[in-house]
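The values are calculated or read from the model by the stated rules, or taken from the named source; none is laboratory data. Since we're looking at a predicted model, the values are computed, not measured. We place every Cβ from the backbone using ideal geometry, glycine too, and count neighbours over all the protein chains shown.
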């Protein structure tokens, strides 16, 4: 079943699920098909993520990201998966912190529970994403972090 966070992540990316696919497979289909670099650019603008940071999260060099942006390239499945993972974290942070601006600020400030790293700096790996989501879960349930 597709979660509310996944649906919110797709909305952040400007995508609606295909009607001919059952929900969880629709998300998989969309990611495998490839997300547009335009979605990454819009997400980075909306959450004030620097281009260098976005290229790192996607696993691209800054030059490749710039070229893809200019050509409005469709990302391969692996890069699309990284972009979708980022969008899920942004959607979850917005939900937990109840405001997009607060989520944006939280993602950009050093966090003691993350070894004083900025949550955004950890989103280039799956392990980092899991740590950030764990902290968001603690915040949601009022557990001191």
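Results, tabulated for the structure shown:
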quantity	calculated
Single unsatisfied condition, residue 73 versus (1) within 24 Å of residue 5 (Cβ to Cβ); (2) surrounded by 15 or more Cβ atoms within 10 Å (Cβ to Cβ)	(1)
First in the stretch 48-65 and surrounded by 14 or more Cβ atoms within 10 Å (Cβ to Cβ), second anywhere and not in a helix (DSSP H, G or I), Cβ under 6 Å, 6 or more apart	56/124; 57/123; 57/124
Subset of the stretch 35-64 (residues that are under 11 Å from the mean Cα position of the chain (by Cα) and over 13 Å from residue 81 (Cα atoms))	43, 44, 47, 49, 54
Test: residue in the stretch 119-126 that is in a helix (DSSP H, G or I) and under 18 Å from residue 31 (Cα atoms)	yes
Among (1) touching a helix residue (DSSP H, G or I) at 6+ places or on another chain (Cβ under 7 Å); (2) surrounded by fewer than 20 Cβ atoms within 10 Å (Cβ to Cβ) - the single one residue 38 does not satisfy	(1)
Within the stretch 18-44, considering residues that are in a loop (DSSP other than H, G, I, E, B) and modelled with pLDDT of 90 or more, the one farthest from residue 92 (Cα to Cα)	34
Residue within the stretch 99-119 that is touching a residue at least 60 places away in the same chain (Cβ under 8 Å), surrounded by fewer than 19 Cβ atoms within 10 Å (Cβ to Cβ) and closer than 20 Å to residue 50 by Cα present	yes
Any chance residue 15 is outside any loop (DSSP other than H, G, I, E, B) and either over 13 Å from the mean Cα position of the chain (by Cα) or surrounded by fewer than 19 Cβ atoms within 10 Å (Cβ to Cβ) (or both)	no
